[in-house]
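Structure first, then comments.
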Amino acid sequence: MADKQNYSAESIQVLEGLEAVRKRPGMYIGSTDVRGLHHLLWEIVDNAIDESMAGYCDNIDIVLQADGGVRVWDNGRGIPVDVHSKTGKSALETVMTILHAGGKFGGGGYKVSGGLHGVGASVVNALSEKVIATVHRDGKLHRQEYARGAVIAPIEVVGEAKGTGTEIVFYPDAEIFKETTLMEWETILTRLRQQAYLTKGVRISIEDNTGETQKRHAFFFDGGVASYVRHLSANKAPVSEVIAVERETETCQVEVAMRYTDSYTENIWCFTNHIHNPEGGTHLTGFRAALTRTINAYARDKQLLKEKEENFVAEDVREGLTAVLSIKIAEPQFEGQTKGKLGNSEVRPAVETAFAEAFTEYLEENPAEARAVVGKCLLAARARKAARAARDTVIRKGALEGMTLPGKLADCSSRNAAETEIFIVEGDSAGGSAKQGRNRDFQAILPLRGKILNVEQARLDRMLGNNEVKALITALGTGIGEIFEVDKLRYGKVVIMTDADVDGAHIRTLLLTLFYRYFREIIDNGNLFIACPPLYKISKGKDIRYAYDDKQKSEIFADMGFAEDPDLSDPPEVEEQEDGQVEEEEEIVTAKKANRISLQRYKGLGEMNPDQLWDTTMNPDSRTMLRVTIEDAERSDMVFTTLMGSEVLPRKKFIQTHAKSVKNLDV
């Protein structure tokens, strides 16, 4: 413990300039993993998008360079290079090296913008090993270089320029981004596609020179958010056409596009000044309120809802809805630098009024579409009532039985959710090994029989009639649907543990679909994991090791004295184990008869002895587990829809596209 006598004013550390950013990068970009790495690019691209929203830019070009740098160029006005009166430095150096310096504080630079705190470019500079800024302005090329936020040399003119624009090349600092400094192609494509949909008339291109072959893609959409909704709902059967409304109020500009599909979940994307707000905010609250009120009013007026029928509730009118809500406002108030949620109180009534008026007009002018929408809501309402009845039956039955847990659940003795784990395993065989091998103090086992229901093609009422899904819901303790409470989760870790074969992958995908659609907060809170059982057991005398993939198997063979994998062509020998389980083992004999290696390929978890399953897959000190996260919600939604939805053609195309990349297919 620090000595109280030595705690004085000298103990207080003052971080100058951009030192604070390097000391606490998570405060500015969220994290220093791959997500935070991409946030650097978003900050620079957002500055170019702001130029486009202001009407000065129609071309943005991004290049992932072979030397590890990232280049972003736009043909906007170019960052000013004249001397700033307050700092005594050029405007370029000011915005690149000083926090909270920029043209977005009401000084006439931008009417609306995504960057508001003036920390974007300077934070990228602070967290980069090197940055080169080149400004095309006043017929000249102005350039300045920086290293970890510090200026290397004064700004200088390096040539003549045609037109205007800004070019930023930054090299992410490996001291900050220890996990990786290489950005992901698909993640960037998704984000740039999104921005191109939201920004009418701008061309955004991306080029990747980091691999053996160059990749290039360009986006240009003139349909705005309506085109975006068509893209998001492309793999779902439509119930309605795309409904688009656009209004301008005294507070903000409101643009909404939406479509109903045969899906059973909602998919709403919110943006403020083209910045994605994954947590929604006041604009989303206003939109939802107007949607429910308008549909109820129309259904009553046209007598599509009978007098004795109750009004639609919020979940009825949002079932199967894909929507994009985009607003533009002069002074948005976000929660944090990552801008996850909009907080402006004046936005809610503005969005609610504007959307309600425009949507009412649309319904009146398009009666066929209106009836299709109301029909979808009627089906959702009936399913909700059926689900409530089924859920009440489950709760009533549980109350009569003393709220007992599923009989197949082998629970743990600890009731401290922070330390407990539940393993969801396939079949009684794997469940038996897991129950014998686990630590009963904090590990619970729930075996599921066969493949659970595909919830992508089933409403909640049908789900509650499925015994395996019902057992899982009861074991988790959170409830589901409108009574879901993540705080009631009984286990700190929920682990999906399936066989390493096609059936196991299918079951894992079914479970991931269930969690993504109905237990999303469990994923968001970091509670969902995937166990990684080994594929091989390799032994040479008393030296026993486990390999989790073929590459690791080859490395173990090499470490044991073999340049290549031994010949596996000999027929396998079957040995009877002490516990009565039969294991399939291939014995490899090298040129030296005395030098033998045994290779065991696990076909399933049930083939593993309990102690092997504990050592390799369940022991916290030696196991490998993957935490399930949602890095890209748009891509995640489309993958689940493609793989598990009712539309066959998108799934067929997906399989044809990726078939050649599948290795070691175990059929």
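Key figures
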{"read-out": "When residues of the stretch 601-610 are limited to those that are part of a loop (DSSP other than H, G, I, E, B) and crowded, with 19+ Cβ neighbours inside 10 Å, the one modelled with the highest pLDDT", "value": "M608"}
{"read-out": "Inter-residue pairs, beta-carbon under 6 Å, first touching a residue at least 12 places away in the same chain (Cβ under 8 Å) and in the stretch 473-496, second in a strand (DSSP E or B) and surrounded by fewer than 20 Cβ atoms within 10 Å (Cβ to Cβ), 6+ apart", "value": "K493/F529; V495/F529; I496/I530"}
{"read-out": "For L141: the one exception among (1) free of Cβ contacts under 8 Å to residues at least 24 places away in the same chain; (2) surrounded by fewer than 16 Cβ atoms within 10 Å (Cβ to Cβ)", "value": "(2)"}
{"read-out": "Where a residue in the stretch 227-256 is within 17 Å of I268 (Cβ to Cβ) and open to solvent by 70 Å² or more (accessible area, probe 1.4 Å) and its partner, wherever it lies, is at pLDDT 90 or above and assigned to a loop (DSSP other than H, G, I, E, B), with Cβ under 7 Å and at least six apart", "value": "R230/V242"}
{"read-out": "Filter pass, Y491 being hydroxyl-bearing (S, T, Y) and within 30 Å of G320 (Cα to Cα)", "value": "no"}
{"read-out": "Residues (among the small types (G, A, S) and either open to solvent by less than 40 Å² (accessible area, probe 1.4 Å) or not in a strand (DSSP E or B) (or both)) located in the stretch 212-226", "value": "G223, G224, A226"}
{"read-out": "The stretch 307-355 - residue that is at pLDDT 90 or above and among the acidic types (D, E) and, of those, nearest to E241 (Cα to Cα)", "value": "E319"}
{"read-out": "Complete set of residues in the stretch 149-177 that are surrounded by fewer than 18 Cβ atoms within 10 Å (Cβ to Cβ), at positive phi and either among the hydroxyl-bearing types (S, T, Y) or in contact (Cβ under 8 Å) with a residue 24 or more places away in the chain (or both)", "value": "G163"}
{"read-out": "Residue in the stretch 420-438 that is loosely packed, with under 14 Cβ neighbours inside 10 Å and modelled with pLDDT of 90 or more present", "value": "no"}
{"read-out": "Verdict on L643 being open to solvent by less than 40 Å² (accessible area, probe 1.4 Å) and at pLDDT 65 or above", "value": "no"}
{"read-out": "Test: residue in the stretch 551-570 that is at pLDDT 50 or above, under 29 Å from L626 (Cα atoms), open to solvent by less than 60 Å² (accessible area, probe 1.4 Å) and assigned to a strand (DSSP E or B)", "value": "no"}
{"read-out": "Residue in the stretch 349-357 that is without any contact (Cβ under 8 Å) to a residue 12 or more places away in the chain and not small (G, A, S) present", "value": "no"}
{"read-out": "Residues satisfying the stated conditions in the stretch 611-640, i.e. in a helix (DSSP H, G or I) and either at positive phi or modelled with pLDDT of 75 or more (or both)", "value": "D611, Q612, L613, W614, D615, T616, T617, M618"}
{"read-out": "Of the criteria (1) over 17 Å from M53 (Cα atoms); (2) in contact with a helix residue (DSSP H, G or I) (Cβ under 8 Å, 6 or more places away or on another chain), which one A161 fails", "value": "(2)"}
{"read-out": "Scan of the stretch 315-327 for residues that are open to solvent by less than 40 Å² (accessible area, probe 1.4 Å), out of contact with any Leu (no Cβ under 7 Å at 6 or more places or on another chain) and more than 15 Å from F359 (Cα to Cα), ordered by number", "value": "D316, E319, G320, I327"}
{"read-out": "Residue match in the stretch 277-292 (condition: over 24 Å from G340 (Cα atoms), touching a residue at least 12 places away in the same chain (Cβ under 8 Å) and not in a helix (DSSP H, G or I))", "value": "no"}
{"read-out": "Selection within the stretch 66-89 - outside any loop (DSSP other than H, G, I, E, B) and more than 21 Å from I204 (Cβ to Cβ)", "value": "V83"}
{"read-out": "Selection count, the stretch 353-385, where residues are open to solvent by 30 Å² or more (accessible area, probe 1.4 Å) and more than 29 Å from R459 (Cα to Cα)", "value": "5"}
{"read-out": "Check on D61, buried (at least 20 other Cβ atoms within 10 Å of the Cβ), within 30 Å of the chain's Cα centre (by Cα), under 22 Å from K140 (Cβ atoms) and at pLDDT 90 or above", "value": "no"}
{"read-out": "F442, sole failed condition from (1) closer than 21 Å to S636 by Cβ; (2) at pLDDT 90 or above; (3) open to solvent by 20 Å² or more (accessible area, probe 1.4 Å)", "value": "(1)"}
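Each row is one residue, and each column tells you yes or no for (1) in a helix (DSSP H, G or I); (2) modelled with pLDDT of 90 or more; (3) open to solvent by 10 Å² or more (accessible area, probe 1.4 Å); (4) among the basic types (K, R).
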| position | (1), (2), (3), (4) |
| --- | --- |
| L453 | no, no, yes, no |
| D461 | yes, no, yes, no |
| K470 | yes, no, yes, yes |
| I473 | yes, no, yes, no |
| E482 | yes, no, yes, no |
| I496 | no, yes, no, no |
| A505 | yes, no, yes, no |
| L511 | yes, yes, no, no |
| R517 | yes, no, yes, yes |
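So that you can scan it fast, the table gives a plain yes or no per residue for (1) of a type in the set (V, I, T); (2) surrounded by 20 or more Cβ atoms within 10 Å (Cβ to Cβ); (3) under 30 Å from S52 (Cα atoms):
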{"site": "T261", "(1), (2), (3)": "yes, yes, no"}
{"site": "C270", "(1), (2), (3)": "no, yes, yes"}
{"site": "I275", "(1), (2), (3)": "yes, yes, yes"}
{"site": "G280", "(1), (2), (3)": "no, no, yes"}
{"site": "T285", "(1), (2), (3)": "yes, no, yes"}
{"site": "A289", "(1), (2), (3)": "no, no, no"}
{"site": "I295", "(1), (2), (3)": "yes, yes, no"}
{"site": "A299", "(1), (2), (3)": "no, yes, no"}
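The values are calculated or read from the model by the stated rules, or taken from the named source; none is laboratory data. Quantities reported herein were computed from a predicted structural model and do not represent experimental measurements. In this analysis, Cβ positions are derived from the backbone assuming ideal geometry, glycine residues included, and neighbour counts consider all displayed protein chains. Note: areas computed on protein heavy atoms with side chains; ligands, DNA, RNA excluded. Shrake-Rupley method; radii C 1.70, N 1.55, O 1.52, S 1.80 Å.
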